[in-house]
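*Asks:* Take this structure first; my questions come after.
The values are calculated or read from the model by the stated rules, or taken from the named source; none is laboratory data. Keep in mind that this is a model prediction, so the values were computed, not measured. Note: ideal-geometry Cβ built from the backbone for every residue, glycine included; neighbour counts use all protein chains shown. To get the accessible areas, we keep the full protein, side chains included, count just its heavy atoms, and leave off ligands, DNA and RNA. Shrake-Rupley method; radii C 1.70, N 1.55, O 1.52, S 1.80 Å.
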Amino acid sequence: MNKNFIPDIFQPRRIFVESGVSDLAMTRRILQKFPHQTIEYIDDANQFPATFQLGSDEKWNHDLLLAKQRGPFLRLCPGTQKHLCCLYHNLDVAAGCDLGCSYCILQGYLHNPLITIYCNIGDMFTELDNKLSQHPNSFYRIGTGELTDSLTLEPISELGPELVTFISKRHNAIIELKSKNVHLQPLLSLRHKRRTVLAWSLNAETVTQSDEGKAASIEARLAAAREAQNAGYKLAFHFDPMIDHENWQIGYRDIVERIFSTIQADNIAWISLGALRYPSAFDEIMRANHPRSRIFLGELLPGVDKKLRYFRPIRVELFRAMYSWIRSYSSTVFVYLCMESRDVWQKAFGWAPRNSAELKSLLDDCVLQ
Ligand code: SF4
């Protein structure tokens, strides 16, 4: 991979539009970008995936669906049983991603092969407004990177500037845009008031090259992070999933060194660590989609939450090493584990939050200061 690789902007092969959103501003804005493409209109997006057939030579995530979000846009992260959770809120603005990481759990989680963008964003802003106004004493960390990559569809949806501007006017929320892509130019000139955290998921260079599909190179992600820093944004980095692979110490240490030689530590809101894990029910799908990936060769065991994970001592070793490398550059940047028990925290970091509420409070403090 070219060291400055940036993926092409997603070009859908076909576009489907649910009739109920065809007159909305966001739908029109998106369709204007594809003036020569045939648009197929459908009645009900919920019924549609069941009847949608892929040809034998077709792949997931080549087609675009513009639809209505019928449920709530904002959801408390479900966390995982018997593990500490940071009590984050997910904002589901889209579902699906064109980047194609081998370990992506959306392969099992999403039940249709289209990339869906929800176009009734007026409803979304009303819902957010109500939630934040009705709970003025609660603080919300919100992210759009659960069911999609937060920046990869930005050139098509152009939702980012609206979200950043909306959140900049709220006292009790921040938004985190988490990505392996670099489409952030329209965000750089906004008055964000440091209420948006621009975050990049990172991995060891070898894992990025073998298992992160069309994602931007590490060099390109770090260059984007530096641009975001220059524009005054708070930043975050996520090493999730960390992969136990040959010479992982060299690969991960190298990325930590590159972060701190690119970014000022006091601009980093947090760094998260998580090890490879996914529901056992998705195992067959992920292996079938990525038969050449080596990450599924490692031994993964089912945990109490029915997710496959590395054996606990391996996870502790990965986390402990990362924590010490990060601490060698910064004694203050907040480092947390995603979906791990207090016991693993204690063994890896030498301390643990008492409960999920305390972890939430510590993370809130990182952006409230
Ligand atoms: S970038 Fe994220 S959402 Fe996209 S394929 Fe990779 S893991 Fe999945």
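*Asks:* Could you tell me the calculated FRET efficiency between S361 and T38, based on Cβ-Cβ distance and R0 = 56 angstrom, to the nearest 0.05?
*Replies:* Values: r = 52 Å, r/R0 = 0.92.
It comes out at approximately 0.60.
*Asks:* Let me ask something else. Using alpha carbons only, how many angstrom separate the centre of the range 248-289 from the centre of the range 131-150?
*Replies:* Their Cα centres are 23 Å away from one another.
*Asks:* Could you name the aspartates and glutamates in cross-link range of K360, using Cα to Cα under 20 Å and dropping any fewer than eight places away on the same chain?
*Replies:* Reachable aspartates and glutamates: E146, E176, D240, D266, E340, D343.
*Asks:* Further question on the same structure: Averaging sequence separations of C-alpha pairs under 8 Å and six or more residues apart, then dividing by the length of the chain, give the relative contact order as a whole percent. Each step should come with its number before you reach the end.
*Replies:* On the way: 649 pairs, mean separation 64.0, N = 369.
Relative CO of the chain lands at 17 percent.
*Asks:* While we're here: Using just the helices of the chain, give the 222 nm mean residue ellipticity in deg cm²/dmol: DSSP H runs with n ≥ 4 each add -39,500 (n - 2.57), and the total is spread over all residues, rounded to 500. Intermediate results must be reported in sequence, preceding the final value.
*Replies:* On the way: 13 runs with 124 residues, N = 369.
Mean residue ellipticity at 222 nm (helix-derived): -9500 deg cm²/dmol.
*Asks:* Continuing with the same structure: Given K68/K214; K307/K347; K82/K307, which pairs have Cα atoms separated by over 23 Å? Kindly include the intermediate steps, with their values, before the conclusion.
*Replies:* Details: K68/K214 28 Å; K307/K347 21 Å; K82/K307 12 Å.
Cα-Cα > 23 Å for K68/K214; rest within.
*Asks:* Then there is this: Each residue of the range 198-213 in turn: what ³J(HN,Hα) in whole Hz from Karplus with 6.51, -1.76, 1.60 and θ = phi - 60°, glycine and Pro shown as x?
*Replies:* Karplus values, whole Hz, x for Gly and Pro: 9, 10, 10, 7, 10, 8, 4, 3, 5, 5, 4, 5, 8, 10, 10, x.
*Asks:* Provide the FRET efficiency to the nearest 0.05 for the R327-Q81 pair, computing r from the beta carbons and using R0 = 41 Å.
*Replies:* Values: r = 30 Å, r/R0 = 0.73.
Given R0 = 41 Å and the Cβ-Cβ separation, E is 0.85.
*Asks:* Once phi is turned into θ = phi - 60°, what whole-Hz ³J(HN,Hα) does the Karplus curve with 6.51, -1.76 and 1.60 give for every residue of the range 132-147, x standing for Gly and Pro?
*Replies:* 3J(HN,Hα) across the range 132-147, in whole Hz: 6, 6, 6, 10, x, 9, 9, 10, 10, 9, 10, x, 9, x, 8, 9.
*Asks:* Please work out how much length the chain gains when fully extended from T126 to L188, using 0.36 nm per residue of separation minus the C-alpha to C-alpha distance, in nm with one decimal. Mind showing how you got there, number by number?
*Replies:* Working: separation 62, 0.36 × 62 = 22.32 nm, distance 2.54 nm.
Extending this stretch completely gives an extra 19.8 nm.
*Asks:* Let me ask another. Along the range 322-337, what does the Karplus equation 6.51 cos²θ - 1.76 cosθ + 1.60 (θ = phi - 60°) give for ³J(HN,Hα), rounded to whole Hz, x for Gly and Pro?
*Replies:* Here the 3J(HN,Hα) series is 4, 4, 5, 5, 4, 5, 5, 9, 8, 8, 10, 4, 7, 10, 9, 9 Hz.
*Asks:* Would you mind getting the accessible area per residue of the range 14-368, heavy atoms of the protein chains only, 1.4 Å probe, in Å²? List each step's numbers first, then the result.
*Replies:* On the way: 15330 Å² over 355 residues.
Solvent-accessible surface per residue comes out at 43 Å².
*Asks:* If I compute solvent accessible area with a 1.4 Å probe over the protein chains, what percent of it on the range 14-368 is carbon and sulfur? Walk me through the intermediate numbers first.
*Replies:* On the way: 7630 of 15330 Å².
Carbon and sulfur: 50 percent of the exposed surface of the range 14-368.
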